[in-house]
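Colleague: Shown below is the structure under consideration.
The values are calculated or read from the model by the stated rules, or taken from the named source; none is laboratory data. In this text the structure is predicted, and so the values were computed from the model without any measurement. Virtual Cβ from ideal backbone geometry, glycine too; neighbours counted across all protein chains shown.
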Amino acid sequence: MNLKYSRILLSSVSLFLVFEGLDAFSLNNIPLYWIGVSLLVSIYVVCYMFGFRTFNSNLFSIRNWVIYGIFITLVQSLFNDVVLPKYASTTYFQYISLRLLRVILFLVIIYSLNYILKKYDYDEILKFFLISSIVISILSLISYFSYIYGYSDFPRTRQGSGGWTQPIQRACNILRNYGTFREPSFLAIWTVPFIPYFFFLGKKNKIWIYLSAIPILSVVLSRSLTGIIAFVSATLIVILLIIFIHKKVEVNLILMLMLFVIIVFSSSIFSFQFPPDQSSCLSEQDECICTPEDRLDELKSSSNVPKATFGRFSEISSRGLDAFENTAFLIDYVSENGISLFGDGYGFSNISFSYAADEATKRVVDNQIIYRNPGQVVSFNNLYANILMSTGLIGLFWFLYILIDILRKIVLSNNELNHYLLISFISTLFVYSYQAEELSTHLAMAIAFGLNLMSNEK
């Protein structure tokens, strides 16, 4: 019976990863992602009702932290009358419910993997997950090359928070790999944490190293500065940690970094720039050209992938925080509104932030008021900011304590998985400091693996 539950949960988590990877698609106006979330949580609940139980004392802290966040959210929702921004695609009740469902999913994945890890080896579990990542990566490359060779892309049916989808084809812009996601950086954020595990499995079977080229190319063609820099930085950090702490060199990690860099420097042959918009020319005799607005725009528009990636990194770094508009505004917002001890609850904090963002980005053009994200629910674009605003100082310090404790024990562990897990973990933590804000599947996976390593060490 226990083995049956573990098979069900392993298959369910793997299927969910596919649903999560199909971010740009909906079924009857319901995003496939949320269908996947509902299925996985429902399956877990049914298994629990029929006798499935899991126990690990290491889970208590993360479980209690999640419960604390849910409690704060419920209290704030019950005692505050909130009006959503004009173009919000859900009601307030739906919006808060979805935020809570995502938090619950985070805990469900941790608990599910904790149980699965008692029944299966790391290798068996990772094979299921990596197959999911290969499927999504292949679909992304099909989408990318469809624009180059003039074929139709997949019909993207999921709307954004403002009721529209983000266009892929833009005049004069370099083609970026959106894949099955609504934004290229989402593809990179989702794919990067899987890459180290290909090389972990590659220690026993070289085929996984060859297969790693598929997700790596998918990430590189997304031209996501956050994803690429996160992976390279995390890998270098772990290589140095191993040398200084364990006094050895992990050859597969160096091989992984070399392969990644090689693909970065060779991927320029797949670059493609959309032609200028002829309708913007004053006459048929005019030559429409693509002229960059500034140095950063020039780098973004470069067909040279290394130049576009590392050049942008250098340019942005030289500007400091001013280059990160969202981060700079977030700091101003926190300084003006202060920091709560207990937080405003998941979702509620975003709504307050959205109205402030409208005011901060308001401009007057031709006697008309223009907003950057008019009437939308705005993301913090930072996991730690979201936790701080949603659960307060208590929630943030509690969360950081859990992460630091797990990271410390992974670094000191002698388990053969720990080096690869650490790269995945650090990459995830890095990208969620800038590009996204919600508790992610990858973070849940890394925590579950880390807690299991801690249990094994005991």
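Colleague: So, restricting to helices (runs of 4 or more DSSP H) that lie completely within region 130-218, which ones have at least 2 residues that are of a type in the set (V, I, T) and either at positive phi or modelled with pLDDT of 90 or more (or both)?
Modeller: Where helices (runs of 4 or more DSSP H) fall fully within region 130-218 and carry at least 2 residues being of a type in the set (V, I, T) and either at positive phi or modelled with pLDDT of 90 or more (or both), they are 184-191, 207-211.
Colleague: OK, next. Would you confirm whether any residue within region 95-105 is over 21 Å from the mean Cα position of the chain (by Cα) and not polar (S, T, N, Q)?
Modeller: Within region 95-105, not a single residue is over 21 Å from the mean Cα position of the chain (by Cα) and not polar (S, T, N, Q).
Colleague: Scan (1) over 28 Å from I402 (Cβ atoms); (2) among the aliphatic types (A, V, I, L, M); (3) surrounded by fewer than 20 Cβ atoms within 10 Å (Cβ to Cβ) for the single condition L59 breaks and write down its number.
Modeller: Going through (1) over 28 Å from I402 (Cβ atoms); (2) among the aliphatic types (A, V, I, L, M); (3) surrounded by fewer than 20 Cβ atoms within 10 Å (Cβ to Cβ) one by one, L59 breaks only (1).
Colleague: If you go through region 185-233, how many residues are β-branched (V, I, T) and without any contact (Cβ under 8 Å) to a residue 12 or more places away in the chain?
Modeller: 1
Colleague: Would you mind finding the one in I125, I109 that is more than 27 Å from V377 (Cα to Cα), at pLDDT 90 or above, touching a helix residue (DSSP H, G or I) at 6+ places or on another chain (Cβ under 8 Å) and assigned to a helix (DSSP H, G or I)?
Modeller: Of the residues listed, the single one that is more than 27 Å from V377 (Cα to Cα), at pLDDT 90 or above, touching a helix residue (DSSP H, G or I) at 6+ places or on another chain (Cβ under 8 Å) and assigned to a helix (DSSP H, G or I) is I125.
Colleague: Looking at region 408-420 only, could you name the residues that are buried (at least 18 other Cβ atoms within 10 Å of the Cβ), within 13 Å of I447 (Cα to Cα) and touching a residue at least 40 places away in the same chain (Cβ under 8 Å)?
Modeller: I410
Colleague: Look through L141, L117, L100 and report the one residue that is under 18 Å from W190 (Cβ atoms) and of a type outside the set (S, T, Y).
Modeller: Among L141, L117, L100, only L141 is under 18 Å from W190 (Cβ atoms) and of a type outside the set (S, T, Y).
Colleague: Is there a residue in region 427-435 that is within 18 Å of the chain's Cα centre (by Cα), modelled with pLDDT of 90 or more and surrounded by 23 or more Cβ atoms within 10 Å (Cβ to Cβ)?
Modeller: yes
Colleague: Quick one: in region 212-227, which of the residues that are hydrophobic (A, V, I, L, M, F, W, C) and touching a helix residue (DSSP H, G or I) at 6+ places or on another chain (Cβ under 6 Å) is surrounded by the fewest Cβ atoms within 10 Å (Cβ to Cβ)?
Modeller: So the residue we want is I214.
Colleague: Of the residues that make up region 56-68, is at least one under 30 Å from A356 (Cβ atoms) and touching a helix residue (DSSP H, G or I) at 6+ places or on another chain (Cβ under 6 Å)?
Modeller: Yes: region 56-68 contains one or more residues that are under 30 Å from A356 (Cβ atoms) and touching a helix residue (DSSP H, G or I) at 6+ places or on another chain (Cβ under 6 Å).
Colleague: Right, next: Among the residues of region 253-284 satisfying the criterion of being part of a loop (DSSP other than H, G, I, E, B) and at pLDDT 65 or above, which is nearest to V232 (Cα to Cα)?
Modeller: S271
Colleague: Now a separate question. Which of the residues spanning region 432-447 are in a loop (DSSP other than H, G, I, E, B) and hydrophobic (A, V, I, L, M, F, W, C)?
Modeller: Once the filter is applied, which keeps residues that are in a loop (DSSP other than H, G, I, E, B) and hydrophobic (A, V, I, L, M, F, W, C), region 432-447 yields A436, L439.
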